[in-house]
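I have placed the structure first, in the form of structure tokens, so that the comments after it can refer back to it.
The values are calculated or read from the model by the stated rules, or taken from the named source; none is laboratory data. On a predicted model such as this, the values are computed, not experimentally measured, just so you know. Note that we place each Cβ from the backbone using ideal geometry, even for glycine, and neighbour counts take in every protein chain shown. Side chains are part of the model used for accessible areas, which takes the heavy atoms of the whole protein and leaves out ligands, DNA and RNA. Shrake-Rupley method; radii C 1.70, N 1.55, O 1.52, S 1.80 Å.
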Amino acid sequence: MKISKLRSVNTNYNPLDLVEDIIISNGWDYEKDNNNNIHVEVAGEWCDYQLSYGINEEYNLIYISCVLDLNIPEQRSEDIDTFLVSLNERLLIGHFEIWSDQSWPLLKQSFPVPTNQSLCRNQLEQASLLALKECEKFYPAFQIFAWDNKDVNTTLQHLMLETQGEV
């Protein structure tokens, strides 16, 4: 009987290589910035979403952010915090915030990458699809909040109706 010892192999694995493979297999155009973050535009039902991927090396995290193509007008800035808290309570993952430079809403999420192990492609694909799904679900809420000048509760009441039955 042969006995072998298991040892960990230290590799220079970069999870963004897997992100790049997923993007290429979907036929999407993308670009990398100076920090090696990856940016890709994905068409949705309501708008085109800007997905961005990056690595936080200090904490060994991969992050995904998804920008909604919609500006929040300055006159709505007084109510935006209450609105975001209400939306974030309803999210499955991540959180919404407002990109202060451009007043664009974005969904952010991050998760740990196991040390010296590769990230599961399926996990990364699911996280990306879930980010897009959450943005699609809540885009109308941001649009109504931004342009209909309704209060937060009224905006959310119209959007959180669950339909039942068959067509």
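Out of the residues in segment 92-117 that are in a strand (DSSP E or B) and touching a residue at least 40 places away in the same chain (Cβ under 8 Å), state the one that is surrounded by the most Cβ atoms within 10 Å (Cβ to Cβ).
Looking at the filtered set, the residue picked out is 107.
Of all the residues that make up segment 124-151, how many are open to solvent by less than 80 Å² (accessible area, probe 1.4 Å), outside any loop (DSSP other than H, G, I, E, B), free of Cβ contacts under 8 Å to residues at least 40 places away in the same chain and out of contact with any Lys or Arg (no Cβ under 8 Å at 6 or more places or on another chain)?
Residues in segment 124-151 being open to solvent by less than 80 Å² (accessible area, probe 1.4 Å), outside any loop (DSSP other than H, G, I, E, B), free of Cβ contacts under 8 Å to residues at least 40 places away in the same chain and out of contact with any Lys or Arg (no Cβ under 8 Å at 6 or more places or on another chain): 1 in total.
Hey, can you tell me all the residues within segment 65-88 that are open to solvent by 80 Å² or more (accessible area, probe 1.4 Å) and within 16 Å of the chain's Cα centre (by Cα)?
Matches in segment 65-88: 69 only.
Look at residue 40 and say whether it is open to solvent by 10 Å² or more (accessible area, probe 1.4 Å) and more than 19 Å from residue 120 (Cα to Cα).
So residue 40 fails the test.
Return the residues of segment 63-80 that are farther than 16 Å from residue 144 by Cβ and in contact with a strand residue (DSSP E or B) (Cβ under 9 Å, 6 or more places away or on another chain); say none if nothing qualifies.
If the condition is that a residue be farther than 16 Å from residue 144 by Cβ and in contact with a strand residue (DSSP E or B) (Cβ under 9 Å, 6 or more places away or on another chain), then 63, 64, 65, 66, 67, 77 are the ones that fit.
Out of 55, 62, which single residue is touching a Pro at 6+ places or on another chain (Cβ under 8 Å), open to solvent by less than 20 Å² (accessible area, probe 1.4 Å) and not in a loop (DSSP other than H, G, I, E, B)?
So the residue among 55, 62 that is touching a Pro at 6+ places or on another chain (Cβ under 8 Å), open to solvent by less than 20 Å² (accessible area, probe 1.4 Å) and not in a loop (DSSP other than H, G, I, E, B) is 62.
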